[in-house]
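Working notes, beginning with the structure itself.
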Amino acid sequence: MSQALDFEENISEAVSIEEIADDILDSMEESRFGSDIILVIADLPPIRIVAPEDMAQALALVLGRYYIKIPADIYSQIEKGDFSELTFFAPAREEKLRPRTVIINTSPQVRTLMIQGEAPEDGIEGDLELFFDFSPKPGKIFPDGTIDFRCINKFPQAKKGERLARIYEPTPGLPGTDVNGLPIKPEPGPPFPVELGEGLLLKQDFDKERNRHCQDVFAKDNGIIITRFAEGTREATNLRALSVQNKLVVRDIDFTTGNLGDGNNEFRCSADVVVNGDIRGNFSAIIDGNLEVRGAVEGQHIDVTESVQASFIRTSVRAGKNIEVGAARGAHLESAQDIIVSREIQQCRIHADSVIMEPSGTSQIFVGHLYIKANQVHMASVDLRNHIDIELGQELFDAKYRLEKRKKELEALTNTSTNTIKDQVISIGERLKDIQHSADNKGIQSIIALRHFLAAILKGTIKAEKAHRSLADWMKEAPNYLHSTGRRASKVVILKEEQEDLALELQKVNEEHQKIMERLGKIMIKIRGSLAPSAILHLRCGEFERKWNNGTADSTTPINIELAFDPARGLIETI
């Protein structure tokens, strides 16, 4: 029997379309991604059992169960009995999901149907980028070849507003698609495991280059960067905690602390510092904040932007605000506001707006070989020994002298400028008279306008800025034969501009002078205590000078001074 006759005999025994579809479904084998079906493969009936047009209908039923419609061209190929592998993409049932892949192989040797979903792509874990140097470094190599083995960069510094880190947020991942066209949830990436502590300011951002959302981490204020790393290599990927502390507590500042700055033997810190011990040796400390030293300050130089508190000072200390010290010896203390001493001060030079000496924990303050430069001095229960030299308000008197000198200079320059402007205006006026005799109507109108303009400059009713614009407009309208005169007028405007600058400076000088006079009126000195034998208290206040000395060779004498400076009367008693 021929092949065609055999095919027709088998066709006559064919079952219904629904039964063919059920047979295909019964042969389905599934592959899962977790609990979701991501792949199914089914066998297709042999060609001798099912006619091509029936196969096409059955496949349409089967794929319909998976919410898939066969494209018309592929359906036509199956219906015609083409033996080939046919592939198409079936859209998912939700937007933004990736499509499924459908492969129908009708060749006699294979005869399979496959529906392939898409596995989800898990999210990318969070990441971190650091912008400060967090790695400890070995000490420096000296010119003689020796090595300083102290650890530097022990305390990384942060300035207010400085960006310290960028934390990249994890991505949510890309959903997959199961064989039914429904989403398969991805696992979102874990966030970067870092704990953000105090002293930080967070700002949301987006990194276009990496196409990632991120958080920028800034220092809220000046401070010390505190880090904690996981066990292992000290790398950014191992950072587990980050904060900025505005107070650094150390035991001592000496060779064990190491360099915290750019130079050898330098402790430079952008935060408040508490030293439970001493500042020793040749170390200098530069503190952008407050400094509290519970022991002695014996380093080379201390420079603090805020205030200093110390038990004992034997060095040069400068503070942007106050210095409070129990005892000082051989020190140079400079403060923009107050210097407060509570126990003893000898062989020192101190410079401040106000000097206050009041005993604490002792009955008297011992004061000897002392030079004071201040605007106000208050001493209570002091035992004055040797030579005490006080300059009261000297910087204010110097400032007053400079301001008064500059005021005279400005007044003289202003008078000269006024006379020069008058001479220039008179000269231009004479020139305009000569021109007017031969001027046309337009020229006469321009001459009249220029005369009014120059008169306004002399009277001061027009400012230089407006005068420049007005003269420029006049030049556009005036005849050409008046332009040379207009250029001469422009020089007058320049002189007027210089005169206005002089007037502005003079106003500022007068205002500053008034402030200085007010501060001079607050100069005062109060001293209560005793003068030791041979002690001398020498006071200078501007042109005034007073001395107190103990003429008794073997006993102390009490001293009670209350003086204030009156700008009109000078140094006067206020007791």
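Relative to the Cα centre, what is the charge dipole magnitude of region 249-392, using +1 at the beta carbon of each Lys and Arg, -1 at the beta carbon of each Asp and Glu, and rounding to the nearest 20 debye?
320 debye
In whole angstrom, note down how far apart the Cα centers of region 504-564 and region 347-388 are.
With region 504-564 and region 347-388 each reduced to a Cα centre, they are spaced 13 Å.
Using the Cα centre of the chain as origin and beta-carbon charges of +1 (Lys, Arg) and -1 (Asp, Glu), tell me which of Leu196, Asn246, Leu539 is placed farthest towards the positive end of the dipole.
Ranked along the dipole, the leading option is Leu539.
Whole percent per 5 Å bin, from 0 to the bin with the longest distance: what is P(r) over all C-alpha pairs of region 3-116?
Spelled out per bin, shortest first, that is 2, 11, 21, 25, 18, 11, 6, 3, 1, 1, 0.
Taking neighbour counts of Cβ atoms within 10 Å as a proxy for exposure, in what order, fewest first, do Asp26, Asp278 appear?
Ascending Cβ contact count within 10 Å gives the list Asp26, Asp278.
Answer with a single label: of [x] 1.19; [y] 1.13; [z] 1.34, which was calculated as Rg/Rh (Cα atoms, Kirkwood Rh) from the structure in view?
Among [x] 1.19; [y] 1.13; [z] 1.34, the one calculated here is [z].
Find how many whole Å separate the alpha carbon centroid of region 471-499 from the alpha carbon centroid of region 395-424.
Region 395-424 and region 471-499 have Cα centres spaced 28 Å from each other.
Quick one: order Ile345, Ile494, Ile428 by neighbouring beta-carbon count within 10 Å, fewest to most.
Final ranking by Cβ density, sparse to dense: Ile494, Ile428, Ile345.
Of Ser360, Thr461, Ile313, which is farthest along the charge dipole of the chain in the positive direction, counting Lys and Arg as +1 and Asp and Glu as -1 at C-beta?
Thr461
Between beta-carbons, use under 12 Å as the cut-off and find the net charge around Gly486, counting Lys and Arg +1, Asp and Glu -1.
Taking every Cβ under 12 Å from that of Gly486, the sum is +3.
Report, ordered by chain and residue number, the lysines lying within cross-link reach of Lys247, taken as a straight Cα distance under 16 Å and ignoring same-chain residues fewer than 8 apart.
Output for Lys247: Lys154, Lys159, Lys160, Lys220.
Taking the beta-carbon count within 10 Å as an exposure proxy, list Thr362, Thr485 from fewest neighbours to most.
Thr362, Thr485
What net charge do the residues around His301 carry, taking every other residue with its C-beta under 10 Å from that of His301, with Lys and Arg at +1 and Asp and Glu at -1?
Value of the local net charge: -1.
Mind checking the dipole of region 414-477: about its Cα centre, +1 per Lys or Arg Cβ, -1 per Asp or Glu Cβ, Debye to the nearest 20?
200 debye
Please list the equivalent ellipsoid semi-axes of region 398-497, computed as the square roots of five times the alpha-carbon gyration tensor eigenvalues, in descending order and whole angstrom.
34, 13, 9
How would you classify region 249-392 from its alpha-carbon gyration tensor, with a ≥ b ≥ c the square roots of the eigenvalues: rounded for a/c under 1.5, else prolate if a/b is greater than b/c, otherwise oblate?
Prolate is the answer for region 249-392, as a/c is 1.5 or above and a/b outweighs b/c.
So which lysines can Lys185 reach, going by Cα to Cα under 24 Å and dropping same-chain residues fewer than 8 places off?
Cross-link targets: Lys96.
Please tell me which of these pairs span more than 22 angstrom C-alpha to C-alpha: Lys400/Lys463; Lys400/Lys508; Lys321/Lys405; Lys422/Lys463?
Checking Cα-Cα distances, Lys400/Lys463; Lys321/Lys405 exceed 22 Å.
Mind checking which aspartates and glutamates have their C-alpha under 17 Å from Lys208, skipping anything on the same chain fewer than 8 residues away?
Asp127, Glu129, Glu169, Asp216
Can you compute the charge dipole magnitude of the chain about its Cα centre, using +1 on each Lys and Arg Cβ and -1 on each Asp and Glu Cβ, nothing else charged? Give it in debye, rounded to the nearest 20.
5260 debye
By the gyration tensor of its Cα atoms, with a ≥ b ≥ c the square roots of the eigenvalues, what is the shape of region 433-490: rounded for a/c under 1.5, prolate for a/b over b/c, or oblate?
prolate
In whole Hz, what ³J(HN,Hα) sequence does region 302-307 give by Karplus (6.51, -1.76, 1.60; θ = phi - 60°), x for Gly and Pro?
10, 10, 10, 6, 9, 10
Can you work out ³J(HN,Hα) from phi for every residue in region 87-100, in order, using Karplus 6.51 cos²θ - 1.76 cosθ + 1.60 and θ = phi - 60°, giving whole Hz and x for Gly and Pro?
Karplus values, whole Hz, x for Gly and Pro: 10, 8, 9, 9, x, 6, 8, 10, 5, 6, 7, 6, x, 8.
Local charge sum around Ile426 (other residues, Cβ-Cβ under 13 Å, Lys/Arg +1, Asp/Glu -1)?
Result for the local shell: +3.
Read-outs: derived from the displayed coordinates by stated rules, not from any lab. What you see is a predicted model; the values in this text were computed from it and never measured. Heads up, the Cβs are rebuilt from the backbone with ideal geometry, glycines too, and the neighbour counts pull from every protein chain shown.
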